[in-house]
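Each value in this text was obtained by applying a stated rule to the coordinates, not by laboratory testing. Everything quoted here is computed from the prediction, not taken from an experiment. Quick reminder, even Gly has a Cβ in these numbers, built from the backbone with ideal geometry, and neighbours come from all protein chains shown.
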């Protein structure tokens, strides 16, 4: 369903299990950044009433998830710490900035939607792996519950790209982006972070 072309190596979970604090802190900031992105899209595209409504809901849900992850940290006697850099997200953004559809307003919009969709798709895939493979029973249940919302967000962003991508071949752009992401993921999966 997600269309990702390279699955995460299941051994990534073993890396995560060695540093639960790091994955939870990284995850908390991923949720916060997703909420911030939704707010930015509201500010940039207020003319799309349905997008504003959807982004408002996503922002609220992402902040609820942030609170849930933060609570997991507190329950384990851990603290939030400072934001981590996300090289995966930076690599995706760099690719889109150099892409073919970036020069028009519609192209910029489509890129923003594809960018968010890809992050949600990969997060969903990672949450699924955690829900099935991590030894921590509490986190297995936790990540299963979050996985479903990530999948909804992924389809929401792709839907808006298709709806408002006037004149852009969204399917071709998405297919090329998926191929790039698969090559990119060959370098990742070695850190205890959501996208690392």
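Mean sequence separation of contacting Cα pairs (under 8 Å, at least six apart), scaled by the length of the chain, corresponds to a relative contact order of 34 percent.
A Förster radius of 25 Å combined with the Cβ-Cβ distance from residue 176 to residue 152 puts the calculated FRET efficiency at roughly 0.55. Each label point was placed 7 Å from the Cα along the Cα-to-Cβ direction; for residue 11 and residue 145 their separation is 3.3 nm.
Between residue 36 and residue 186, the FRET efficiency estimated from the beta carbon spacing at R0 = 41 angstrom works out to 0.90. Placing a label point 7 Å from the Cα of residue 98 along the Cα-to-Cβ line, the residues of the stretch 154-187 whose backbone N sits under 19 Å from it are 173-187. For the chain, the longest principal axis of the alpha carbon atoms and the long axis of helix 87-97 meet at an angle near 0°.
Run a plain Debye calculation on the stretch 85-184 (Cα atoms as equal point scatterers, no solvent) and give log10 I(q)/I(0) at q = 0.12 Å⁻¹, rounded to two decimals, same order as the q list. Summing over Cα pairs of the stretch 85-184 leads to -0.43. Straightening the chain between residue 83 and residue 43 buys 12.0 nm, computed as 0.36 nm per residue apart minus the Cα-Cα spacing. For helix 105-133, what angle does its Cα long axis make with the longest principal axis of the chain, in degrees from 0 to 90 and rounded to 10? Helix 105-133 sits roughly 20 degrees off the main axis of the chain. The eigenvalues of the Cα gyration tensor, multiplied by 5 and square-rooted, give the chain an equivalent ellipsoid with semi-axes of 28, 19, 14 Å from largest to smallest.
To the nearest 10 degrees, how steeply does helix 49-75 sit against the main Cα axis of the chain, on a 0 to 90 scale? Compared with the principal axis, the helix lies near 10 degrees. Fraction of C-alpha pairs exceeding 17 angstrom in the stretch 51-122: 61 percent, rounded to a whole number.
As a proxy for reagent exposure, 56, 8 were ordered by neighbouring Cβ count within 10 angstrom, fewest first; the result is 56, 8. Ranked by how many other Cβ atoms sit within 10 Å of their own Cβ, fewest first, the residues 103, 149, 36 fall in the order 103, 36, 149.
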